[in-house]
Amino acid sequence: MVLSRESEEFIANLRMYLMTSGKNDHEINEIAEELRGHLEDAESHGKTVDSVTGGSPQTYLENISNEMKTDYFGLVRLAPMFILLLIAYFITGSAIRGDLNFSLLKLIAYPAIALLSIGAYIYFFRKMSVANYSKKKELSIFIALQVIITLSLMAVLFMDIFFFEPFYIPSRETMWVIAALGALVFIAGAIWSKTWFTLILPLFLFGPDFILQFLQYSETTELIISASGLYLGIGIVVLILYWQNKKQNPHKL
Amino acid sequence: MSSSQMLKGILDGCLLGIIHKGETYGYEMIEKLEIYGFRMVSEGSIYPVLMRLQKDGFVHSVMKESPSGPKRKYYTLTPAGEEEYEQFKERWESLSHSVNRLVKEEN
């Protein structure tokens with residue numbers, strides 16, 4: 001049976017809220033499925049999602065969350081792969097282009113920005129799952145967040161170029177080894193998370209740079225090809241995700 | 001104090017009572033509670049309680065496909081749950097007896 005848009009949103013929010021609270025996947029699926037069943041019965045009797053939440057999704061989600069134990073072991077298990085992927089995203093591109101170097105600033109600032117942005121994303125995901133913002137407001141928050149992160153990364157990059165000396169510059173051969181290790185991490189990450197876009201995204205991010213290493217173009221042309229490859233890639237990924245979503249939830253669109 | 005606040009403390013016992021009468025699932029529990037005259041429960045409030053009862057080992061649950069409706073989680077009482085229900089009945093008996101005596105004396 002097809003659920004109303006409000007109920008689908010409630011189930012999605014429930015999953016998001018519990019996931020960002022560090023609850024166990026299996027338990028999340030169980031309660032989500034049980035509530036979906038309840039909502040199907042309730043809607044076929046003409047009731048709305050308010051009959052479940054009592055009108056306050058926030059209080060209701062908190063009540064559910066309080067009855068589930070936080071899965072710290074699950075979180076700890078996720079951490080190593082997650083950290084490896086983050087490092088791979090940061091250094092694979094430079095390693096392919098041959099401009100990889102390590103400075104004190106990078107070593108401190110990049111992990112700090114990464115942790116802060118993850119924290120900010122989790123914070124807003126949680127807030128959105130209970131607050132019932134409009135789609136427009138959700139989108140603006142994400143864009144603002146993304147702009148702030150990009151700007152701080154750029155600030156670090158500029159400060160690094162002008163004020164910091166790298167303490168280690170790997171040889172070209174070492175960089176290729178690092179790039180290969182990065183590729184391995186992306187493949188492992190895709191297998192581990194069983195999602196194809198974790199592999200496709202780095203392919204578009206770093207693929208153009210890789211190919212350009214073997215072609216002789218001027219630097220400006222390289223930059224244009226590299227950037228347009230990236231945006232084309234992201235565009236294709238978003239489009240495919242949209243189609244997949246449409247196929248799975250035809251009533252939502 | 002609203003009646004739903006009063007019910008909060010004894011909803012655990014009431015759900016044990018409903019499940020005691022035979023294997024059932026969440027939505028059906030609501031319908032059964034309504035037959036007994038409980039109308040103040042916000043329907044979703046039974047699920048955190050069911051989770052707690054399961055955690056405490058008082059109920060056992062199993063997911064079943066239903067031929068017409070959605071997938072449903074069916075609950076039954078465990079021996080510990082049966083015992084807990086017996087104790088709830090005794091506690092309720094003495095509590096309601098005391099409250100009744102107090103309230104009737106005032107009238």
> Can you find even one residue in segment A:234-247 that is surrounded by 11 or more Cβ atoms within 10 Å (Cβ to Cβ), in contact with an Asp or Glu (Cβ under 9 Å, 6 or more places away or on another chain) and modelled with pLDDT of 75 or more?
Replying inline: no
> Can you pull out the residues in segment A:206-224 that are in contact (Cβ under 8 Å) with a residue 60 or more places away in the chain and either open to solvent by 50 Å² or more (accessible area, probe 1.4 Å) or among the hydroxyl-bearing types (Ser, Thr, Tyr) (or both)?
Replying inline: A:210, A:213
> Looking at (1) within 14 Å of another protein chain (Cβ to nearest Cβ); (2) open to solvent by less than 70 Å² (accessible area, probe 1.4 Å); (3) out of contact with any helix residue (DSSP H, G or I) (no Cβ under 6 Å at 6 or more places or on another chain); (4) among the small types (Gly, Ala, Ser), which is the only condition residue B:96 fails?
Replying inline: (1)
> Within segment A:12-34, how many residues turn out to be open to solvent by less than 40 Å² (accessible area, probe 1.4 Å) and more than 10 Å from chain B (Cβ to nearest Cβ)?
Replying inline: 9
> Only one residue in A:121, A:110, A:133 is on the phi < 0 side of the Ramachandran plot, in a loop (DSSP other than H, G, I, E, B) and of a type in the set (Ser, Thr, Tyr). Which one?
Replying inline: A:133
> Looking only at segment A:35-44, which residues are surrounded by fewer than 21 Cβ atoms within 10 Å (Cβ to Cβ) and either more than 9 Å from every other protein chain (Cβ to nearest Cβ) or closer than 14 Å to residue A:9 by Cβ (or both)?
Replying inline: A:36, A:43
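To keep it simple, each residue is scored yes or no on (1) surrounded by 14 or more Cβ atoms within 10 Å (Cβ to Cβ); (2) within 14 Å of chain B (Cβ to nearest Cβ).
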{"residue": "A:55", "(1), (2)": "no, yes"}
{"residue": "A:60", "(1), (2)": "yes, yes"}
{"residue": "A:67", "(1), (2)": "yes, yes"}
{"residue": "A:88", "(1), (2)": "yes, no"}
{"residue": "A:97", "(1), (2)": "yes, no"}
{"residue": "A:100", "(1), (2)": "yes, no"}
> For residues in segment B:49-73 being open to solvent by 60 Å² or more (accessible area, probe 1.4 Å) and in a loop (DSSP other than H, G, I, E, B), which is farthest from the other protein chains (Cβ to nearest Cβ)?
Replying inline: B:67
>> Among the residues of segment B:37-48, are any within 11 Å of another protein chain (Cβ to nearest Cβ), open to solvent by less than 10 Å² (accessible area, probe 1.4 Å) and in contact (Cβ under 8 Å) with a residue 24 or more places away in the chain?
In response: yes
>> Among the residues of segment B:74-96, what is the count of those that are of a type outside the set (Val, Ile, Thr) and assigned to a strand (DSSP E or B)?
In response: 3
> How about segment B:12-28: which of its residues are within 14 Å of chain A (Cβ to nearest Cβ), under 11 Å from the mean Cα position of the chain (by Cα) and buried (at least 20 other Cβ atoms within 10 Å of the Cβ)?
Replying inline: B:15, B:26
>> Just to be sure I understand, how many residues within segment A:117-166 are β-branched (Val, Ile, Thr) and exposed (fewer than 12 other Cβ atoms within 10 Å of the Cβ)?
In response: 4
> Checking residue A:51 against (1) within 9 Å of chain B (Cβ to nearest Cβ); (2) over 16 Å from residue B:50 (Cβ atoms); (3) open to solvent by 40 Å² or more (accessible area, probe 1.4 Å), which single condition isn't satisfied?
Replying inline: (3)
> For residues in segment A:167-193 being more than 16 Å from residue A:94 (Cα to Cα) and open to solvent by less than 50 Å² (accessible area, probe 1.4 Å), which is farthest from the chain's Cα centre (by Cα)?
Replying inline: A:188
> In segment A:107-143, which residues are touching a residue at least 60 places away in the same chain (Cβ under 8 Å) and closer than 30 Å to residue A:94 by Cα?
Replying inline: A:122
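The values are calculated or read from the model by the stated rules, or taken from the named source; none is laboratory data. Just so it is clear, the model here is predicted, and its values are computed rather than measured. With ideal geometry, Cβ positions are generated from the backbone for all residues, glycine too; neighbour counts draw on all protein chains shown. Quick note on the areas: whole protein, heavy atoms, side chains included, nothing else; ligands and nucleic acids left out. Shrake-Rupley method; radii C 1.70, N 1.55, O 1.52, S 1.80 Å.
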